Amino acid sequence: MNKIVVIGSINVDLVFISDIRPKAGETVLGEDFRTVAGGKGANQAVAASKLGADVVMIGCVGDDSNGEFSLNNFKSLNVNTSCITKIQDTPTGVANIIVADNDNSIIVVSGANYKLDKALIDRYKKEILEADLVMLQLEIPMSTVEYAINYCHENNIKTILNPAPAVKLSKELIERATYITPNEHECKIILGEDINADIKDILRRYPNKLIITMGEKGVMYFDGSDIVTVPSYKVEVVDTTGAGDTFNGAFARAMVNDYNLKDAVDFANKAASKSVTKLGAQAGMPYIEEM
Ligand code: RIB
């Protein structure tokens with residue numbers, strides 16, 4: 001058991017490194033600039049692949065140089081690109097990322113990612129049926145996410161839904177996804193909870209399903225009897241972009257290798273901590289030998 005299918009976004013990240021985050025109407029001089037591979041789906045696929053999983057990516061790129069750049073990046077990192085569709089006359093997704101004050105601000109323009117529709121899921125059903133686990137995020141149409149998770153649920157294929165960027169999820173989607181992995185802020189949005197709601201009360205309603213990442217405070221879930229907190233690893237932070245994606249990719253890799261939930265979360269925490277020590281979403285993602 002080692003096969004993961006990722007259904008999700010593929011972006012090219014334009015990363016601006018600055019000492020100061022510009023306010024509205026302000027121009028600031030930055031320190032550095034990089035063009036790197038990104039997109040939550042792509043990042044999670046790469047994270048799992050670097051950790052030794054057999055990964056197939058289902059997604060869309062445009063018919064432009066960014067699309068070629070993304071495909072070459074996948075190939076160099078051993079991610080299977082046979083289910084990536086090139087969409088004519090449409091740009092590949094891009095993300096503008098400002099890294100300042102040990103944190104990032106991101107604007108994503110979806111481009112080809114929003115062409116990933118139900119018909120493409122139908123086209124790749126064979127690959128989905130062969131998967132031990134399917135992983136999704138929310139940078140593709142919600143109708144596609146719901147359709148794919150329904151299909152996996154009907155066929156007893158485990159899913160991880162990383163609900164980012166966060167929007168309120170339907171009751172059915174929450175029920176049918178095997179694991180849902182929001183951060184603390186996303187958690188309340190996806191469940192339609194009040195901002196002041198108690199995280200532990202929320203967790204108790206979704207045993208062994210809702211896994212909340214809380215940065216340096218670690219990760220929490222409810223195991224059916226107790227709230228479990230798995231501590232994070234302390235490291236020197238260079239860039240947190242892609243830390244959540246590394247967590248998800250590594251969590252998927254651990255689950256298809258039959259780790260129990262606690263050990264899988266610890267493995268994912270460790271991988272995520274390593275990922276923030278380098279600039280760019282994918283550069284710091286560890287290979288299995290580094291774990
Ligand atoms: O999670 C980080 C990712 O979010 C970036 O790579 C960017 O492309 C956006 O999708």
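The values are calculated or read from the model by the stated rules, or taken from the named source; none is laboratory data. The structure displayed is predicted, hence computed values, not measured ones. Because the Cβ atoms are built from the backbone with ideal geometry, glycine has one as well, and the counts that use them run over all protein chains shown.
So how many residues does region 43-56 have that are within 14 Å of the ligand (Cβ to nearest atom) and part of a strand (DSSP E or B)?
Count: 0.
Out of the residues in region 27-71 meeting the condition of being among the small types (Gly, Ala, Ser) and over 20 Å from the mean Cα position of the chain (by Cα), tell me which one is farthest from Ile10 (Cα to Cα).
Per the criteria, the residue is Gly30.
Spot the failing condition for Lys278; the list is (1) within 16 Å of the ligand (Cβ to nearest atom); (2) within 27 Å of Glu146 (Cβ to Cβ); (3) basic (Lys, Arg), and only one is missed.
It fails just one condition, (2).
Which helices (runs of 4 or more DSSP H) sit wholly inside region 75-174 and have at least 1 residues that are more than 16 Å from the ligand (Cβ to nearest atom), touching a residue at least 60 places away in the same chain (Cβ under 8 Å) and touching a Ser or Thr at 6+ places or on another chain (Cβ under 7 Å)?
Because the criterion is at least 1 residues that are more than 16 Å from the ligand (Cβ to nearest atom), touching a residue at least 60 places away in the same chain (Cβ under 8 Å) and touching a Ser or Thr at 6+ places or on another chain (Cβ under 7 Å), the helices (runs of 4 or more DSSP H) in region 75-174 that meet it are 118-123.
Hey, among Tyr233, Tyr206, Tyr221, Tyr287, which residue is in contact with a Ser or Thr (Cβ under 7 Å, 6 or more places away or on another chain), hydroxyl-bearing (Ser, Thr, Tyr), modelled with pLDDT of 95 or more and more than 16 Å from the ligand (Cβ to nearest atom)?
Numbers: Tyr206 fails: in contact with a Ser or Thr (Cβ under 7 Å, 6 or more places away or on another chain); Tyr221 fails: in contact with a Ser or Thr (Cβ under 7 Å, 6 or more places away or on another chain); Tyr287 fails: in contact with a Ser or Thr (Cβ under 7 Å, 6 or more places away or on another chain).
Result of the check over Tyr233, Tyr206, Tyr221, Tyr287: Tyr233.
Kindly indicate which of Ser70, Ser9 is assigned to a loop (DSSP other than H, G, I, E, B), modelled with pLDDT of 95 or more and within 16 Å of the ligand (Cβ to nearest atom).
Numbers: Ser70 fails: assigned to a loop (DSSP other than H, G, I, E, B).
When all the criteria are applied, what remains is Ser9.
Considering only region 16-42, state which residues are surrounded by 13 or more Cβ atoms within 10 Å (Cβ to Cβ), assigned to a strand (DSSP E or B) and more than 9 Å from the ligand (Cβ to nearest atom).
Phe16, Ile17, Arg34, Thr35
Of the residues Asp13, Asp64, which is acidic (Asp, Glu), surrounded by 15 or more Cβ atoms within 10 Å (Cβ to Cβ) and in contact with a Pro (Cβ under 6 Å, 6 or more places away or on another chain)?
Of the residues listed, the single one that is acidic (Asp, Glu), surrounded by 15 or more Cβ atoms within 10 Å (Cβ to Cβ) and in contact with a Pro (Cβ under 6 Å, 6 or more places away or on another chain) is Asp64.
Being touching a Cys at 6+ places or on another chain (Cβ under 7 Å) and surrounded by fewer than 21 Cβ atoms within 10 Å (Cβ to Cβ) is the filter; apply it to region 78-114 and report the residue that is nearest to Glu236 (Cα to Cα).
Thr85
How do the pairs read when you match residues in region 8-31 that are more than 19 Å from Asp101 (Cα to Cα) with residues anywhere that are away from the ligand (no atom under 13 Å from the Cβ) and assigned to a loop (DSSP other than H, G, I, E, B), using Cβ under 9 Å and keeping only pairs 6 or more apart or on different chains?
Taking only residues 6 or more apart or on different chains, the pairs are Gly8/Leu116; Ser9/Leu116.
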